[in-house]
Amino acid sequence: MSVRLAVVNWRDPWHPAAGGAERYAWEQARRLAAGGMRVAFVTCRAPGQRRRERIEGVEFVRLGGRFTVYPLVLLWMLAHRRSFDAVLDCQNGIPFFTPWVLPRRVPVFCVIHHVHDGQFGLYFPPWLAWLGRVLEGPVSRWTYRRHAYVVVSPSTRTAVRERLGWKGPAYVVPNGTTPPGDVAVPESPAGLVCVTRLVPHKRLGRLLRLAERHPRLRLDIVGDGPERAALAARIAERGLDGQVTLHGYVPEETKNALVARAVLHLSTSQGEGWGLSVIEAAALGVPTVAYDVDGLRDAVRDGVTGWLARDDDLDGAVERALKELADPAARRAIGRACRAWAAEFDWDRTTARTRGLLEAAVAAGSASTGDDRAHVVHRYGDERPRVVEGPARDALLAAGRVRESRPASEPERLLGRAVDAAKGASARWTGGCENG
């Protein structure tokens, strides 16, 4: 099916402030375009960027800045309202509310990485933080009531139910990851690493307190953002210049080398949609210590591919991790588990799930469904069962020839495949899952 798709996202992957949300949108947009869809990526414009250009078959339209992008994108979508068959409306705290200007028959998927209600106050004055929460909650619920949400993890799905009061369908389409290629991994890795954007909700001051408690451990912080100058000043004030290194933004190869030489990756974020840096570290065989918060409790399999810190006990979790990793055999086993877990997430499989939802929604004229559950469906003639949800599941069942259909478990919904029941019963499911 040839679908005309608009991907509406706050920034593009080349924006100076781009992060995981931009990676998610771009990796899928270019694959959907390569698969035959006509894709427009509508976003804001950073200084020096072109207003229009075509990259890997995707047409980029850049409009406005940090806040003006919202009304300008709505006006552009209104002017092109009959040019698209479906829309991926990506929410970064506030969505673009594209259903306001589109024909009712055009299905819209509101893509949510994580709920921002607890973060608005870190970035905006009280009145603007209140407005952000109203737009993210009640206004979004009303705007997308005939459409659907796409979330990147089970904990985000729980958050949109419990914190945003969303009653409509919410489909799980996780992030993928790109294999790191050939990276030199030392026989005895040492030190700590954190790959992150330098912004307030990442709580990077906690890394410095940890470094002070472990003066013999090198700490590499990879990433950039508005908090960099303040963080550098705090490092100097605490006399940590020789122990903590701020690398800023570095090329992918350099980032992978820095992660691979570390014994442990850290995340101090107060919440994520998923934790892309966690999976990228796992692909290099490096486990993560993170807080037991939204997204990170999905990306880290506690006690298997990392450790989750509870009750603000980051130092205790790091102590436990370092003690276990001091045993070379245990470190190698954990590294193998990390790489196997990371291999479960692939951008091609992620895009295939999105493509199935889009094509089925366009055919049905709606992104919604009467049954919000994901199902494992095995049709006659299929070698393996599939995990499908929403309009993709409805279309598959309507086509008939179904040999088996059952509700999918949470691990199956995240992975997009059936999980062996015998293995799954004995596995520790804390937001991760048995590899099957």
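The figures follow:
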quantity	calculated
Alpha-carbon centroid distance for the pair the range 333-382 / the range 1-40, whole angstrom	18 Å
Candidates 99, 13, 107: whichever shows maximal mean-square fluctuation once the chain is modelled as a Gaussian network with Cα springs under 10 Å	13
Given charges at Cβ of Lys, Arg, Asp, Glu: the chain dipole, positive-most of 94, 219, 189	94
Residue 229-residue 420 FRET efficiency (beta carbon distance; Förster radius 41 Å; 0.05 resolution)	0.20
Table column - 3J(HN,Hα) (Hz), the range 125-137, Karplus curve with 6.51, -1.76, 1.60, x for Gly and Pro	x, x, 5, 6, 5, 4, 4, x, 5, 5, 5, 5, x
Globularity ratio of the range 84-194, using Cα Rg and 2.2 N^0.38 Å	1.37
Check: the range 211-300 dipole with +1 on Lys, Arg Cβ and -1 on Asp, Glu Cβ, in debye	400 debye
Point-charge dipole on Cβ atoms (K/R +1, D/E -1) for the range 192-342, about Cα centre, debye to 20	340 debye
Nearest-0.05 FRET efficiency for residue 348 and residue 182, computed from C-beta distance (R0 22 Å)	0.60
FRET efficiency for residue 81 and residue 216, using Cβ-Cβ distance with R0 set to 41 Å, rounded to 0.05	0.10
Potential extension, residue 117-residue 395 segment - 0.36 nm per residue separation minus Cα distance	96.6 nm
Peptide ranges 24-30, 74-80 listed from the most packed, as the mean C-beta count within 10 angstrom indicates	24-30, 74-80
Mean Cβ neighbour count within 10 Å, used as a protection proxy, ranking 175-187, 293-305 highest first	293-305, 175-187
Rounded to 5, the percent of DSSP beta bridges in the range 4-172 classed as antiparallel	15 percent
Considering only the chain, percent of DSSP beta bridges that pair antiparallel, nearest 5	25 percent
Residue-span extension gain [residue 238 to residue 332] - 0.36 nm each, minus C-alpha spacing	30.4 nm
Full-stretch length increase - residue 14, residue 209 - with 0.36 nm per residue and alpha-carbon distance subtracted	66.9 nm
Pairs of Lys in the chain closer than 30 Å at Cα, counting only those 8 or more apart or on different chains	5
Residue 46 versus residue 67: modelled label distance in nm, points set 7 Å from Cα along the beta carbon direction	2.1 nm
The range 344-374 residues near the modelled residue 104 label - backbone nitrogen below 15 Å, point 7 Å along Cα→Cβ	365-368
Unit charges on C-beta of K, R, D, E only; dipole of the chain, Debye	1160 debye
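Read the figures in this text as sums done on the coordinates, not as results from a lab. No experiment lies behind these values; they were computed from the predicted model shown. Heads up, the Cβs are rebuilt from the backbone with ideal geometry, glycines too, and the neighbour counts pull from every protein chain shown.
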